[in-house]
Amino acid sequence: RPEEEEEVMAASMLSSARAALARVAGGGRGKGRDVSSVSSSVSFTSFRQFSAAKKSSDDDTPIEVDIPFPFEVHKLDEVPDQKVETTRGEVMAFFKTLFRMRRMEIAADVLYKGKFIRGFCHLYDGQEAVCVGMEASLNYEDAIITSYRDHCTYLGRGGNMYEVISELLGRKDGCSKGIGGSMHMYLRENNFYGGNGIVGAQVPLGVGIAFQQKYNKKQNATFALYGDGAANQGQGFEALNIAALWDLPIVYVCENNHFGMGTAEARASKSPAFYKRGDYVPGIKVDGMDVFAVKKAVAFAKDYVIKNGPLVVEMDTYRYHGHSMSDPGSTYRTRDEVSGIRRERDPIERVRKLIQEMELATTAELKAIEKEARKEVDEAIEKAKACPEPPEDWLTKNIYSKKPHSFDVVRGVERGTMHAAF
């Protein structure tokens, strides 16, 4: 029967993909490293799920998409099902946003190598599905706080590309007025609290934001993002204890890209199952390269924490660049490993494949979207290069206010050194 043939074909493709990744991940300096968590999310979705939406051109027609790999859970009585509802309009928006983010990060690579960007610069290419899938299930009353790998998160929260590029170039029109740089991007009006340069420091701050939400009886949640390299930080566990005691609406999101700087997760963490690291706090593991799986999991997580308190979500993802632009990313992993992940799990190509199988758009239409994204990036760069740097007197602004929090005196602060804010 056709249904049986489809299942056999999908199983065969999945087996081949896993075998290929096992081969490429075994060579070079990565030999002997446990790559089961990297390869376990390789997926080829059964073609059966596409039949109901063939040749659909209505942007609002509901489409049901299968999530190929089961969510793994820790101390959860309920588990999200393996189906997610979407529309043609949302699928096409996913493709456009994922591609915009990718092009922006690739452009940042070129700008850094051309010495237009100075200092630290941590790129997000490969991990874009986490950001895009999260935003699909949140609103701007929900809060996000993340680490220094924040360019795409700022864009996802509603910021524009010109503000990102300007900030990277240290120009006054940047989202932090050109004095924050790559690691410190914020969008207060949409509850994006950065962009934090100290490893793991954003996590307890996120718990504080969640406390504010509960105190003010808001039906919203805070998502505190951190990497596997920050997962052993003591401050995260201390804050999680408080969050659990007070049932705060906080989601700990571990973006596990499998390397803390240049150290593989298994060499740095005795227990690399990060979704279980909350111990008494429930957790769930998600294929962070699948934008639909992320969307489903984040919707579940938001609802859960508002009702029950904290949850740990591990996003199984991968970064293509090194830890930062000073890291070539090739001394602790093989090029074949990176290309294998890119070939089999790339979030953009997975959405492209779904679009093509469901006949939601033509190849020409997808190329037009890509062309428009490239144009947007090029125009943002050209405009940012023409923007002036911030004036020197901005260096002394936003340090002290005249009467902080209505107090006449702040211990340790000399009134004569206070400066006006923006």
Open item on the list: Considering only protein heavy atoms and a probe of 1.4 Å, how much of the accessible area of segment 120-203 is carbon and sulfur, as a whole percent?
Closed with: 51 percent
Task: Potential lengthening between ARG118 and GLU357 on full extension [0.36 nm per residue; Cα-Cα distance subtracted] - done: 81.8 nm
- [ ] Within segment 110-126, which residues have the backbone N less than 12 Å from the label spot 7 Å out from SER326 along Cα→beta-carbon, could you tell me?
- [x] 119-122
Task: VAL79 versus VAL110: modelled label distance in nm, points set 7 Å from Cα along the beta carbon direction - done: 4.5 nm
Task: Share antiparallel - DSSP beta bridges, segment 163-308, percent rounded to 5 - done: 35 percent
TODO: Find, to one decimal place in angstroms, the Kirkwood hydrodynamic radius of segment 290-407, where the mean of 1/r is taken over every pair of different Cα atoms and then inverted.
DONE: 20.1 Å
Task: Amide hydrogen neighbours beyond the local backbone of GLU255, cut-off 5 Å, H modeled - done: TYR226, GLY227, ASP228, MET315
Open item on the list: Give the separation of the Cα centroids, segment 350-394 to segment 85-144, in Å.
Closed with: 10 Å
Open item on the list: Once you keep just the Cα pairs under 8 angstrom separated by 6 or more residues, what percentage relative contact order results for segment 272-381?
Closed with: 22 percent
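The values are calculated or read from the model by the stated rules, or taken from the named source; none is laboratory data. As the structure is a computational prediction, the values presented were derived from the model and not from experiment. Note that each Cβ is placed from the backbone with ideal geometry, even for glycine, and that neighbours are counted across all protein chains shown. These accessible areas exclude ligands, DNA and RNA; they are computed on the full protein's heavy atoms, side chains included. Shrake-Rupley method; radii C 1.70, N 1.55, O 1.52, S 1.80 Å.
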